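FYI, it's all coordinate maths here, none of it is from the lab. No experiment lies behind these values; they were computed from the predicted model shown. Glycine gets a Cβ as well: all are built from the backbone with ideal geometry, and neighbour counts include every protein chain shown.
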Amino acid sequence: MNKTITLEFPEKKLEALSHFLKKKDTTINTELDYALARLYEKTVPPTVREFLEDTGEDGDASQTI
C-alpha cells in the first residue's frame, strides 16, 4: 500500500532547489526518496527490516508516505 506525504515549503526555495537539482540531473522526488530510505535504514532495527522483507511486507514497490 502506498501512502502520500504532503510537505509545505516556500515556493521560491522549492523553485531554486528544483533548478539546481536539475543541473545535477536529479529531482526533488528522487532526492527525497533517497533520504527517506536512509532514514528508514537508520531508524528501523535490522531485525524488523529483515522480518518485513521475509514476509513480503517491505513495501519496496516505491512506497510513498
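Those residues that are in contact with a Gly (Cβ under 9 Å, 6 or more places away or on another chain) and surrounded by 11 or more Cβ atoms within 10 Å (Cβ to Cβ), I need them from the stretch 1-58; list them, please.
The one that is in contact with a Gly (Cβ under 9 Å, 6 or more places away or on another chain) and surrounded by 11 or more Cβ atoms within 10 Å (Cβ to Cβ): L52.
When the stretch 1-26 is examined, which residues are found to be among the polar types (S, T, N, Q) and in a loop (DSSP other than H, G, I, E, B)?
Hits for the stretch 1-26 are N2, T4, T6, T26.
List every residue pair whose Cβ atoms sit under 7 Å apart, with the two residues 6 or more apart in sequence or on different chains, where the first one lies in the stretch 27-54 and is part of a helix (DSSP H, G or I) and the second, anywhere, is acidic (D, E).
Filtered contacts from the stretch 27-54: L52/D58.
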